[in-house]
1. Hey, if you put +1 on the Cβ of every Lys and Arg and -1 on every Asp and Glu Cβ in region 48-116, which of Gln99, Gln110, Gly57 ends up farthest toward the positive end of that dipole?
2. Could you run the Karplus curve 6.51 cos²θ - 1.76 cosθ + 1.60 with θ = phi - 60° over region 164-176 and give me ³J(HN,Hα) per residue in whole Hz, x for Gly and Pro?
3. Would you grab the residues whose amide H sits under 5 Å from the one on Gln210? Only those 5+ places off in sequence or on another chain, please, with H modelled 1.01 Å from N.
4. Of Gly134, Pro149, Ala203, whose Cα points farthest to the positive end of the dipole of region 121-209 (charges on the beta-carbon: +1 Lys, Arg; -1 Asp, Glu; origin at the Cα centre)?
5. Output ³J(HN,Hα) for region 196-202: one whole-Hz value per residue in order, computed from phi by the Karplus curve 6.51 cos²θ - 1.76 cosθ + 1.60 with θ = phi - 60°, and x for Gly and Pro.
6. Set Lys and Arg Cβ to +1 and Asp and Glu Cβ to -1, take the dipole of the chain about its Cα centre, and tell me which of Met189, Pro120, Ser85 lies farthest positive.
7. Scan around Phe60 for amide H atoms under 5 Å from its own, H built in the peptide plane at 1.01 Å from N, and keep only partners 5 or more places away or cross-chain.
8. List residues of region 96-110, by number, whose backbone nitrogen lies under 19 Å from a label position 7 Å along Cα→C-beta of Met34.
Amino acid sequence: MIITRRGGAFAALLLTTALAQAAGDVDRGATIVMQGDGQGGAPCLACHGSDGAGNDGAGFPRLAGLDAGYLAAQLRDYREGRRISAVMAPNASRLNDQQIEDVAAYYTVQTLAVTPAELPADLLAKGEQLVKQGDWDNYIVPCETCHGPGAQGVGATFPGLSGQHSTYLRQQLEAWKNGTRNNDPNQLMLAIAARLSDEQIQAVSAYLSQQPTRRVSP
Ligand code: HEC
Ligand code: HEC
């Protein structure tokens, strides 16, 4: 699904959010996050934090404020082996569909401020250029084309990248490049990642990690 008209994107976003929130229960999600799935699974907070902050150095992604439909789709992909991660597979394997909707509903309503880091200005400038203007010489479309203004995400299909940890962003772009992540619809991301140089991956990950996240009203 690619939506180009602003009004359409906004309506789709509202619809996705409304449906996801109707399906998932924030309180039941909180129990799984704090105590595990009741069948021996680790509590999600051990790695992602109770506030969904994740951990940059450890490569644990921030989940706070990501679209509930996107979070649920990724959990189903881990559970069913479409997205491969030795660390996440055992955490997703025991969750049923309802539990997946519940943890997604919990993390989507968490809000977090971005922790500012000291990063070289030329690196940030290169990253900003990729996000807003792309690199037409190498057929790289601006990230904002799909991930929305400020790369804050559009609906369940295009996740927010702003405020995500740079280590995790880098790892995902490298995973597409080397073929270990390939669960994206129509291989939209593979086509982008394959053309990014290592230097561009560094720059775009650094820049995105410093951008404000999407505000979510509960
Ligand atoms: C032992 C640490 C650990 C635990 C516990 C854990 N995760 Fe993860 N999680 C990770 C790592 C590492 C990744 C990145 C994996 C990859 O590269 O695909 C990840 C990725 C994810 C993603 C994908 C995020 C994105 O932006 O695509 C979701 C959603 C997620 N975890 C949800 C959960 C939930 C819900 C739980 C609890 C039921 C949980 N995780 C427990 C370490 C953990
Ligand atoms: C043609 C559309 C398109 C463009 C342009 C695009 N992306 Fe994506 N991107 C996607 C889709 C779709 C996904 C979700 C993949 C999935 O469902 O697994 C995604 C996911 C990602 C993820 C994983 C996020 C997470 O939480 O795991 C990263 C990182 C990413 N994109 C970075 C970028 C960067 C950097 C650019 C610009 C250089 C970019 N994307 C441009 C479509 C696009």
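Read-outs: derived from the displayed coordinates by stated rules, not from any lab. These numbers were taken from a predicted model, which means no experiment stands behind them. Every residue, glycine as well, gets a Cβ built from its backbone with ideal geometry; the counts of neighbours run over all protein chains shown.
1. In region 48-116, that residue is Gly57.
2. Values, residue by residue: 6, 5, 5, 4, 5, 4, 4, 4, 5, 5, 5, 5, 5 Hz.
3. Residues meeting the amide H criterion: Gly163.
4. Projecting each Cα onto the dipole axis, the largest value belongs to Pro149.
5. Result, ordered by residue: 7, 6, 4, 5, 5, 4, 4 Hz.
6. Working it through, the farthest residue towards the positive pole turns out to be Met189.
7. Excluding prolines and chain starts, which carry no amide H, the hits are Asn55.
8. Hits in region 96-110 for Met34 at 19 Å: 99-110.
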